[in-house]
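The next block holds one structure in the form of structure tokens; read it before the comments.
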Amino acid sequence: MKLYTYLLDGIEHVGAEMDGYIYPVTNAADMLSLIRGGEICVSSENGIKKDKAALCAPIPRPAQDVICLGINYVEHGKEAAQYNKEAFLRERPYAIYFSKRVTEAAAPEAEINSYPGLVTKLDYECELAFIIGKDAKNVSREEAPEYIFGYTIINDISARDLQTDHKQWYFGKSLDGFTPMGPCIVTADEIGYPPKLDIRSYINGELRQNSSTEYMVFDPVHIISELSSGMTLKAGTIIATGTPAGVGMGFDPPKFLKSGDEVICEIEKIGRLVNRIK
Ligand code: MG
């Protein structure tokens, strides 16, 4: 099932897609309540055409920071180390976890602020994100897939100058608007496990990233079982699994984003997340 958050008369609603229409979910006021409730009841009336719907990010205001994986595709690790060895070279066989503050996730089609005067090296990162469906603590690898509610696309927008200047990545990844998300959450049953999905990004129509999520180093099962061995992952937690090669800093010279650029992040079975740089 494809689940959306959309605006109707200025109010956010949650809905499910059927035959090109989005029908309202009747048993939850917002996506986080829907995830925590565990059941999805959909009305068969009052559908609106999907093309006409004013979409929000599926989870517009995450309850907690998004958990992110760093350097989780081998080829992206190489391009990042080439750009800045001190900041990105990884030699340890452990997952890199960091977090990203998301006061409000940017909607599909939303403009992304480029922060002139603060940021000079603005970059994109198309990523598969998964959402935890029930509170997870001490979850085994075997049980881990049951804890995945669904999947969405996140563009982990990054200010490379802030990211590397401050050493910790938090500030450079967390500016307002730096987490476009959507267009929908696809429930886990439609994707299957493990997720083997084509993942691509385009800047002004030019293909930049082109890979498959099967090449991620640490997969959702590893991430859930490892993190839950020491911390509770609450239902609704969003985990972004890292980006493949082809980001702006990976080119020589780098191809950073500029005002007016159109950024498309695309993942098979989920859809396209389109944003423009203001
Ligand atoms: Mg990232």
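The values are calculated or read from the model by the stated rules, or taken from the named source; none is laboratory data. If you're wondering where the values come from, they're calculated on a predicted model, not measured in any experiment. Heads up, the Cβs are rebuilt from the backbone with ideal geometry, glycines too, and the neighbour counts pull from every protein chain shown. Protein only, heavy atoms only, side chains kept; ligands, DNA and RNA dropped before computing areas. Shrake-Rupley method; radii C 1.70, N 1.55, O 1.52, S 1.80 Å.
Quick rundown of the values:
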{"item": "Residue in segment 204-211 that is open to solvent by less than 10 Å² (accessible area, probe 1.4 Å) and farther than 19 Å from GLY133 by Cβ present", "result": "yes"}
{"item": "Among the residues listed as GLY10, GLY20, GLY15, the single one being small (Gly, Ala, Ser), out of contact with any Asp or Glu (no Cβ under 6 Å at 6 or more places or on another chain), surrounded by fewer than 20 Cβ atoms within 10 Å (Cβ to Cβ) and closer than 19 Å to VAL186 by Cβ", "result": "GLY20"}
{"item": "In segment 93-106, residue most open to solvent (accessible area, probe 1.4 Å) [restricted to those that are under 14 Å from GLY177 (Cβ atoms) and of a type in the set (Val, Ile, Thr)]", "result": "THR103"}
{"item": "Residues of segment 51-70 that turn out to be more than 16 Å from the ligand (Cβ to nearest atom) and open to solvent by less than 10 Å² (accessible area, probe 1.4 Å), as a count", "result": "3"}
{"item": "Condition check for THR213: polar (S, T, N, Q), within 16 Å of the ligand (Cβ to nearest atom) and touching a Cys at 6+ places or on another chain (Cβ under 9 Å)", "result": "no"}
{"item": "Leading residue by the ranking (surrounded by the most Cβ atoms within 10 Å (Cβ to Cβ)) among those in segment 241-258 that are within 15 Å of the ligand (Cβ to nearest atom) and assigned to a loop (DSSP other than H, G, I, E, B)", "result": "THR243"}
{"item": "Residue list for segment 113-158, restricted to those being under 15 Å from the mean Cα position of the chain (by Cα) and either under 22 Å from PHE171 (Cβ atoms) or at pLDDT below 95 (or both)", "result": "ASP123, TYR124, GLU125, CYS126, GLU127, ALA129, ILE154, ASN155, ASP156, ILE157, SER158"}
{"item": "Qualifying residue in segment 216-230 (condition: open to solvent by 40 Å² or more (accessible area, probe 1.4 Å), closer than 24 Å to HIS13 by Cα, out of contact with any Cys (no Cβ under 6 Å at 6 or more places or on another chain) and not basic (Lys, Arg))", "result": "no"}
{"item": "Top-ranked residue in segment 107-138 [being open to solvent by 10 Å² or more (accessible area, probe 1.4 Å) and touching a Phe, Trp or Tyr at 6+ places or on another chain (Cβ under 8 Å); ranked as farthest from the ligand (Cβ to nearest atom)]", "result": "LYS134"}
{"item": "ILE157 in contact with a Cys (Cβ under 6 Å, 6 or more places away or on another chain) and open to solvent by less than 10 Å² (accessible area, probe 1.4 Å)", "result": "no"}
{"item": "Residue ranges of helices (runs of 4 or more DSSP H) in segment 1-110 with at least 2 members in contact with a Pro (Cβ under 9 Å, 6 or more places away or on another chain)", "result": "31-37, 74-83"}
{"item": "Selection status of VAL274, touching a Pro at 6+ places or on another chain (Cβ under 7 Å), more than 29 Å from ALA54 (Cβ to Cβ) and outside any loop (DSSP other than H, G, I, E, B)", "result": "no"}
{"item": "Tabulated pairs, segment 150-163, first of a type in the set (Lys, Arg), second assigned to a strand (DSSP E or B), C-beta under 7 angstrom, 6+ apart or interchain", "result": "ARG160/ASP123"}
{"item": "Residue in segment 260-273 that is open to solvent by 50 Å² or more (accessible area, probe 1.4 Å), free of Cβ contacts under 8 Å to residues at least 12 places away in the same chain and not basic (Lys, Arg) present", "result": "no"}
